[in-house]
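The values are calculated or read from the model by the stated rules, or taken from the named source; none is laboratory data. Model, not experiment: these values are computed from the prediction. Ideal geometry is used to build each Cβ from the backbone, glycine not excepted, and the neighbour counts take in all protein chains shown.
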């Protein structure tokens, strides 16, 4: 397996272009199953997860081609559809479950394997299946597959009260409801920018959706959807990750395409820690205020709260802060697996259940470490960039799922980093 070698030290300077959002694009791509007309997505990120979703959609009968070096995806699903999403593809990525709603809406039946993804905690499908059942679907789990069938051949509108604001379930039910008969109301819906981005795309295809960005979304089903061209929203997690680079290493970096409103709660924590974030004509500029990082407490929450996908990276910053920080993880119960690796680099971290207490040290030291999941991978790279000596981050294949050209982007602002290809 490849590894990434980082030699720490030195402030950063320059610009980093931020890609389109992985989580948004993975949601938008299955929308092609809802229409026989073409769907074109621009500003697409070039990631292994996108290739996995491409493979899945092609296996279902969709045509997917890439243009402009992968930044534009042309999708079409005008022919016969295979309604079985096979385990060999679905197991690679959690977002594969997002074909369930569209397949049921268009074909009235589907067989979808239970999904895979990062091992960061339980992410059950119950909220998806319970909601589809309210819309008239009969769903049975057999041999690792969800066998779903719409009673009477089509889904029906329903009032659905989510037990918690699930992003994936909100997306799945939104897509399913676009072609359902009648009106569907989702209460306690997720409010993430990716939800709004999906709603914008579906509206461009002819869907009738109101309330996206709030906790109550209403969808009036239509008979058919058309084609559209849609630009994928900026990746707020990549944005936040690279905002932390100059915060950890020093210097000043401009993040092209960044917007504060994508990460308001995160930016507030950076401000409290002593990091200045200013809007520019082209994005956001980030720099330490006076050279000292102050300890801050962080609690992960659904949007608009502090994102769980930035918790690991924030921990890397707080490892050398002045004082003690407490990080509370309320989204996924198994998301502190990066802590032991940071401790190998000299960090002072104590984990008790869903809480991590981080006492700042003067300096981290390079060490061999192992990536455990996507966001943990990049947190170790950030820590290594400010550590004394050399750090080798192993098992970095996780990175390819969520960060395009991470080595090139960081080298472009002065980081001493390289990827080592294993023979």
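May I ask you to say which residue of 237, 260 is in contact with a helix residue (DSSP H, G or I) (Cβ under 6 Å, 6 or more places away or on another chain) and closer than 24 Å to residue 411 by Cα? Exactly one residue qualifies, and that residue is 237. Inspect all residues belonging to segment 244-254 and state whether any of them is closer than 30 Å to residue 188 by Cβ and out of contact with any helix residue (DSSP H, G or I) (no Cβ under 7 Å at 6 or more places or on another chain). For segment 244-254, residues closer than 30 Å to residue 188 by Cβ and out of contact with any helix residue (DSSP H, G or I) (no Cβ under 7 Å at 6 or more places or on another chain): absent.
The single residue among 261, 172 that is in the same structural domain as residue 378 (by TED's automatic domain parsing) and farther than 30 Å from residue 8 by Cα turns out to be 261. The residues listed here are 159, 232, 167; of these, the one that is in contact with a strand residue (DSSP E or B) (Cβ under 7 Å, 6 or more places away or on another chain), under 30 Å from residue 405 (Cα atoms) and in contact (Cβ under 8 Å) with a residue 12 or more places away in the chain is 232.
Check whether at least one residue in segment 385-400 is in a helix (DSSP H, G or I) and under 23 Å from residue 361 (Cβ atoms), and report yes or no. Yes, segment 385-400 has at least one match.
Being closer than 17 Å to residue 248 by Cα, in the same structural domain as residue 360 (by TED's automatic domain parsing), surrounded by fewer than 22 Cβ atoms within 10 Å (Cβ to Cβ) and touching a residue at least 24 places away in the same chain (Cβ under 8 Å) is a description that does not apply to residue 276. Counting only residues that are part of a strand (DSSP E or B), within 24 Å of the chain's Cα centre (by Cα) and on the phi < 0 side of the Ramachandran plot, segment 282-297 holds 3 of them. Scanning for something touching a helix residue (DSSP H, G or I) at 6+ places or on another chain (Cβ under 7 Å), outside any strand (DSSP E or B) and surrounded by fewer than 23 Cβ atoms within 10 Å (Cβ to Cβ), does segment 348-359 turn up at least one residue? No, because not a single residue in segment 348-359 is touching a helix residue (DSSP H, G or I) at 6+ places or on another chain (Cβ under 7 Å), outside any strand (DSSP E or B) and surrounded by fewer than 23 Cβ atoms within 10 Å (Cβ to Cβ). Going through (1) modelled with pLDDT of 95 or more; (2) closer than 30 Å to residue 189 by Cβ one by one, residue 330 falls short only on (1).
Check 126, 140, 161 and return the single one that is in the same structural domain as residue 208 (by TED's automatic domain parsing), at pLDDT below 95 and more than 29 Å from residue 372 (Cα to Cα).
The match here is 140.
Could you list all residues from segment 34-60 that are over 21 Å from the mean Cα position of the chain (by Cα) and under 19 Å from residue 95 (Cβ atoms)? Answer for segment 34-60, where residues must be over 21 Å from the mean Cα position of the chain (by Cα) and under 19 Å from residue 95 (Cβ atoms): 34, 39, 58, 59, 60. I'd like the full set of residues that are touching a strand residue (DSSP E or B) at 6+ places or on another chain (Cβ under 7 Å) and surrounded by 23 or more Cβ atoms within 10 Å (Cβ to Cβ), limited to segment 308-328. Answer for segment 308-328, where residues must be touching a strand residue (DSSP E or B) at 6+ places or on another chain (Cβ under 7 Å) and surrounded by 23 or more Cβ atoms within 10 Å (Cβ to Cβ): 311, 314, 315, 318, 319, 325, 327. Would you say residue 108 is in contact with a helix residue (DSSP H, G or I) (Cβ under 9 Å, 6 or more places away or on another chain), on the phi > 0 side of the Ramachandran plot, assigned by TED's automatic domain parsing to the domain that holds residue 129 and at pLDDT 95 or above? The answer is yes for residue 108. Answer yes or no as to whether residue 372 is assigned by TED's automatic domain parsing to the domain that holds residue 403 and in contact (Cβ under 8 Å) with a residue 60 or more places away in the chain. It is true that residue 372 is assigned by TED's automatic domain parsing to the domain that holds residue 403 and in contact (Cβ under 8 Å) with a residue 60 or more places away in the chain. Checking each residue in segment 298-324 for being assigned to a loop (DSSP other than H, G, I, E, B) and either without any contact (Cβ under 8 Å) to a residue 60 or more places away in the chain or not assigned by TED's automatic domain parsing to the domain that holds residue 372 (or both) picks out 301, 305, 321, 323.
For segment 137-156, filtering for residues that are in a loop (DSSP other than H, G, I, E, B) and without any contact (Cβ under 8 Å) to a residue 40 or more places away in the chain leaves 1. Of the conditions (1) under 19 Å from residue 27 (Cβ atoms); (2) assigned to a loop (DSSP other than H, G, I, E, B); (3) modelled with pLDDT of 95 or more, residue 98 satisfies every one except a single condition; which number is it? Tallying (1) under 19 Å from residue 27 (Cβ atoms); (2) assigned to a loop (DSSP other than H, G, I, E, B); (3) modelled with pLDDT of 95 or more, residue 98 fails exactly one: (2). For the condition under 30 Å from residue 290 (Cβ atoms), surrounded by 15 or more Cβ atoms within 10 Å (Cβ to Cβ), without any contact (Cβ under 8 Å) to a residue 60 or more places away in the chain and in contact with a helix residue (DSSP H, G or I) (Cβ under 7 Å, 6 or more places away or on another chain), residue 382 does not qualify.
Every test in (1) under 23 Å from residue 16 (Cα atoms); (2) surrounded by 23 or more Cβ atoms within 10 Å (Cβ to Cβ); (3) modelled with pLDDT of 95 or more is passed by residue 375 save one, and that test is (3).
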